[in-house]
Amino acid sequence: MPSTDDELDGRRLRRDRNREAVVQALLGLYRAGNLTPSTDEIAERAGISARSLFRYFDDVDALVRTAVAHQQEHLKPLYEVSARPDQPLAERVERFVADRTRLLDAMGPVGQLARSIAPRQPQVAAELGRIRAVLRGQVVEVFGPELASVPPAEHDAVLSALDVTCSWEARHLLRQDQRLGKAAAARVMALSIHRLLEGAR
């Protein structure tokens with residue numbers, strides 16, 4: 001007969017497995033474009049009953065926060081930037097745009113969801129703020145040589161324009177609202193970076 005400790009370990013393992021299944025089910029629905037799935041849809045995809053869904057999470061907000069956190073863990077390797085300040089500008093822009101668009105596209109619908117719930121989810125809002133700071137810091141590092149030559153009166157404006165140009169929001173507008181393909185949207189980003197840096201010097 002299994003011992004009490006074995007039974008506890010087994011229940012804990014099942015709980016962890018089911019909890020992970022719920023999170024992955026929710027992320028799968030988000031990535032498929034369903035940003036407001038019902039509990040029945042989440043439970044069905046996770047392979048559990050809808051009634052048992054909230055054995056693993058206090059409420060929907062807790063589940064969503066966990067899913068967004070899992071998404072960030074999944075994206076961590078994509079935050080690496082191959083562009084370096086000592087490379088020629090054209091090469092830097094090409095590398096930076098390739099890396100940045102790969103990351104932004106991977107954020108996908110989960111990025112859209114995170115921004116929609118941030119006003120009522122302080123933890124999500126804080127995480128978005130952290131991500132934006134990291135992405136802005138990459139712009140500063142990669143294009144530091146050019147930014148250093150921008151007149152002081154224009155420096156902050158040029159940096160802000162570059163930051164927005166390379167943001168998830170700009171990519172989303174180009175892809176969704178203007179219906180540009182991935183390559184065309186990437187060209188817009190690259191051209192905007194060149195024009196901003198060349199025009200400000």
- [ ] Please identify the pairs in which a residue from the stretch 130-145 that is on the phi < 0 side of the Ramachandran plot and part of a helix (DSSP H, G or I) has its Cβ atom under 8 Å from the Cβ atom of a residue that is among the hydroxyl-bearing types (Ser, Thr, Tyr) and surrounded by fewer than 17 Cβ atoms within 10 Å (Cβ to Cβ), counting only partners at least 6 apart or on another chain.
- [x] 134/79
- [ ] All but one of (1) outside the structural domain of residue 125 (by TED's automatic domain parsing); (2) not in a loop (DSSP other than H, G, I, E, B) hold for residue 35, so report the exception by its number.
- [x] (2)
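Determine, yes or no, whether residue 110 is surrounded by 13 or more Cβ atoms within 10 Å (Cβ to Cβ), more than 22 Å from residue 137 (Cα to Cα) and of a type in the set (Val, Ile, Thr).
Details: surrounded by 13 or more Cβ atoms within 10 Å (Cβ to Cβ): yes; more than 22 Å from residue 137 (Cα to Cα): yes; of a type in the set (Val, Ile, Thr): yes.
Yes.
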TODO: Please state which of the following conditions residue 135 fails to meet, knowing it meets all the rest: (1) of a type outside the set (D, E, K, R); (2) over 24 Å from residue 34 (Cα atoms); (3) surrounded by fewer than 14 Cβ atoms within 10 Å (Cβ to Cβ).
DONE: (3)
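Scan 92, 115 and give me the residue that is farther than 19 Å from residue 176 by Cα and surrounded by 14 or more Cβ atoms within 10 Å (Cβ to Cβ). Reasoning before the result, please.
Details: 115 fails: farther than 19 Å from residue 176 by Cα.
Being farther than 19 Å from residue 176 by Cα and surrounded by 14 or more Cβ atoms within 10 Å (Cβ to Cβ) holds for just one of 92, 115, which is 92.
The values are calculated or read from the model by the stated rules, or taken from the named source; none is laboratory data. Note that the coordinates shown come from a computational prediction; the quantities given were computed from them, not determined experimentally. In this analysis, Cβ positions are derived from the backbone assuming ideal geometry, glycine residues included, and neighbour counts consider all displayed protein chains.
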